[in-house]
Amino acid sequence: MLNPILTLTTDFGLVDPYVAEMKAVILKINPNARIVDISHQIEKFNIRMGAYVLAAAAPYFPKGTVHVAVIDPGVGTKRKPIMIEAKNSFFIGPDNGVLALAAKNQGIKHVYEIANPKFMLPRISATFHGRDIFAPAAAFLSKGIRPSEFGPEIRNIVVPKFAKTVRKGAAFMGEIIHVDGFGNIITNFTEKHLKALNVKATVRIKIKNMELTLRLCKAYAEVEAQKPLAIIGSHDFLEISINMGNAAETFNVKVGDEVKLYRF
């Protein structure tokens, strides 16, 4: 890779030395690596939040970028360390779902278990695979090591509920994957779901026991202040919003709540 870019997404915060240790490992193996921090303020152990943040940011990086995500409450257990080769990027991290949303959105080509000790640190801590396995794997990959050299190809990865939608007749079942700082309710539906149901001007949504009929807008200000709307947001997910208001508080919903998208 020429002038490789490696990104880091973790729940490590910025007080402890963990992020610096990962960067040190990467730069020791590949001093030419360019490291970009997506976020280190993911809520502790919140795999869903990490997956959303990674999926939101990843499409804007150049082809061939290596994304490392470490939100890993199962570190040291039997969960596999994996490398996903997608159409535009590589994703490295634990097989616990944190990579699934971003990788699925890009299109998964191959998945490899990271098992070759040549591309790990000599001593593997049971509690810090980010430094000892994922960081060196990313660095070696950025130096041109072929993905297949890291370990055996595997067929299945963990795809959590938040990375799935299910079609049931004239409806899709999904869930809320994120609530942003403005209170916008971000679902795991995308424009392709709207097209599949031939949704054009009006969206029918059910959350909890509420059935909402919302105008599908291109800008929040297309409705009056404090009025609800639906919109494909800046990260290509369907949002339920209130212009100059807080939709999550108004509708009393939270991340993980089930959402049903209907044909109108």
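No value in this document is a laboratory result; all are computed from the given coordinates. As the structure is a prediction and not an experimental result, all values here were calculated from the model. FYI the Cβ positions are ideal-geometry reconstructions off the backbone, even for glycines, and counts take in every protein chain you see.
About its Cα centre, what dipole magnitude does region 35-151 give when the only charges are +1 on Lys and Arg Cβ and -1 on Asp and Glu Cβ, stated in debye to the nearest 20? Dipole of region 35-151, to the nearest 20 debye: 180 debye. Since only 29, 96, 252 are under comparison, the one whose Cα sits farthest along the positive direction of the charge dipole of the chain, derived from C-beta charges on Lys, Arg, Asp and Glu, is 96.
Largest first, the extents of the alpha carbon coordinates of the chain on the three principal axes equal 58, 39, 35 Å. Measuring against 21 Å, Cα to Cα, the residue pairs 168/208; 63/143; 44/104; 164/218; 104/206 contain 44/104; 164/218; 104/206 as the ones spanning a longer distance. Taken over the C-alpha atoms, region 165-262 has Rg and Dmax values of 12.0, 35 angstrom.
For region 148-221 versus region 38-112, the inter-centroid distance based on Cα atoms is 19 Å. Here residue 195 is the anchor, and the aspartates and glutamates within straight C-alpha reach of less than 16 Å, apart from those fewer than 8 places off in the same chain, are 236, 239. Between residue 167 and residue 210, what's the calculated FRET efficiency when r is the beta-carbon distance and R0 is 22 Å? Round to 0.05. The pair residue 167/residue 210 has a calculated efficiency of 0.55. Label region 51-199 by shape, choosing from rounded, prolate and oblate, from the square roots a ≥ b ≥ c of the eigenvalues of the Cα gyration tensor; if a/c is under 1.5 it is rounded, and otherwise prolate applies when a/b is larger than b/c, oblate when it is not. Verdict is prolate for region 51-199.
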